[in-house]
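Data block below; observations after.
Since every read-out is calculated from the coordinates, none of them should be taken as a lab result. Predicted model, so just to flag it, every value in this text is computed and none were measured. Here Cβ is always computed from backbone atoms with ideal geometry, including for glycine, and neighbour counts include all displayed protein chains.
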Amino acid sequence: MPFSDILGQEKASSYLQKLVRSQKVPGALLFYGPDGVGKGLAAREFAKALNCQNPAARQMGDACGVCAACQAVAKGTHPDVTFVDFLYQARLEVKKDFSSKGYEEELEKEVAKQQHIGVDTIRDVTAKSQQKAVGGGWKVLIVDAAQTMQGAAANALLKFIEEPPARTLWILITNKRSAMLRTILSRCQPLAFAPLSQENVKQVLADTGADVPDADLCARYSAGSVSGALKAAQALELLQSGGFGTPQGPVSVAAGLSRTLVTARQEAQAVLDVLIMALHRAWTSAPDEAKQRAFQTALKRFESYKRSIGRNVSPALVLETALMSLDGLDLRIF
Ligand SMILES: [Zn+2]
């Protein structure tokens, strides 16, 4: 049953299943918690369960996963279920001035540029929310990265989530509830998603056939999130192939970053995240006070390196400096 495919979120899943059984669904839900723990998946499964054509499954509060409606939601083609994220938004943008070859490449570039769910996207989806459900089930509008909506977008959404038409449901997804407007928060029923255990992260990596060389290691640096594990895998690969811990390591790891600035910044941040986790572990297990202090000082420095990457500083330069500053600390990563 689809809900049981969502690992490590039993509490959230059982709440959603209860809503399906009772059909008493609030007009707007807020799924909050770290990235990569199943919020988007849960939103899709919930949309499936509400629209599933198999009454026996619905009575159990679940989706059958095989009927036409379930399959359409899974493929993203169900007319009553809209999943808005940066990819959706990029498609709206690229559609405007691109129609033929080079589309995929252009789309990828556009996705990498996205930072906010914008007002035009919200207008597109609020227009959809006003149309009647064609499948006779529920209209489900899912907005991912909801914390990135700024004033105009958030305001455009407000009155629609206030009192949606019958059998219309908004699901806002965020990794940072505190960054959202209070007026939006007060209109949504919150539902928490917790970080995953390392075991669950490994299980999801295995189930999805993720191409990671060392699932154990990636799970350890995942911070309880599948996307965290995938980022860590890339970062560990950069560190390993660049010869982390050797004299030429800092220059060579930094040289391994992508030539595209946006990507290089993300990669450098992921490497710093791995190093910060390793420093943290080294600090808590340091054998004496002098070592403890050394790791603690390094941790503070690394937090400031991370901040400078967010600003307009060259990510390669910051990463090289950060790696050089580890000289003499004997930090173990692998
Ligand atoms: Zn079904």
Could you check which residue among E320, E105, E163 shows the biggest mean-square fluctuation in a GNM of the chain with a 10 Å Cα cutoff? E105
Taking the chain as the reference, fit the longest principal axis to its C-alpha atoms, fit the long axis of helix 39-51 to the helix C-alpha atoms, and give the angle between the two in degrees, 0 to 90, nearest 10. 10 degrees
Mind checking the alpha-carbon convex hull of the range 198-324 and giving the volume per residue in Å³? 108 Å³
So for the pair S22, V251, with labels modelled 7 Å out along Cα→Cβ, what separation do we get in nm? 6.6 nm
So what is the relative contact order of the range 198-324, in percent, for Cα pairs below 8 Å that sit 6 or more residues apart? 21 percent
The chain: calculated mean residue ellipticity at 222 nm from DSSP helix runs of at least 4, using -39500 (n - 2.57): -17000 deg cm²/dmol
The relative contact order of the range 260-334, taking Cα pairs under 8 Å that sit 6 or more residues apart, comes to a percentage of 40 percent
Under Stokes-Einstein, with the Kirkwood radius over Cα pairs standing in for Rh, what whole-number D in µm²/s applies to the range 46-175 at 10 °C and 1.306 mPa s? 101 µm²/s
Which of T174, T260, T321 moves the most in a Gaussian network model of the chain with Cα springs under 10 Å? T260
Round to a whole angstrom and tell me the spacing of the C-alpha centers of the range 144-183 and the range 267-330. 36 Å
What FRET efficiency comes out for L87 versus A286 if R0 is 35 angstrom and r is the Cβ-Cβ distance? Round to the nearest 0.05. 0.20
Where labels lie 7 Å past Cα in the beta-carbon direction, separation of D216 and T77 in nm: 4.3 nm
To the nearest 20 Debye, how big is the dipole of the chain about its Cα centre, given +1 on the beta carbon of each Lys and Arg and -1 on that of each Asp and Glu? 1160 debye
Between E199 and Y103, how many nm apart are label points set 7 Å from Cα along the C-beta direction? 4.5 nm
Sorted from fewest to most neighbouring beta carbons within 10 Å, what does the list I161, I333 look like? I333, I161
Can you tell me how much longer the chain between K300 and A127 gets when fully stretched, taken as 0.36 nm per residue apart minus their C-alpha distance, in nm with one decimal? 57.5 nm
With charges only on Cβ, +1 for K and R and -1 for D and E, what is the dipole size of the range 1-48 about its Cα centre, in debye, rounded to 20? 240 debye
Highest-MSF residue in the chain out of Y103, Y305, Y88 [GNM, Cα springs under 10 Å]: Y103
Given just the C-alpha atoms of the chain, how large is their convex hull per residue in cubic angstrom? 156 Å³
Check V84: other-chain or 5+ apart residues with amide H under 5 Å from its amide H, H built from backbone geometry? I142, V143, D144
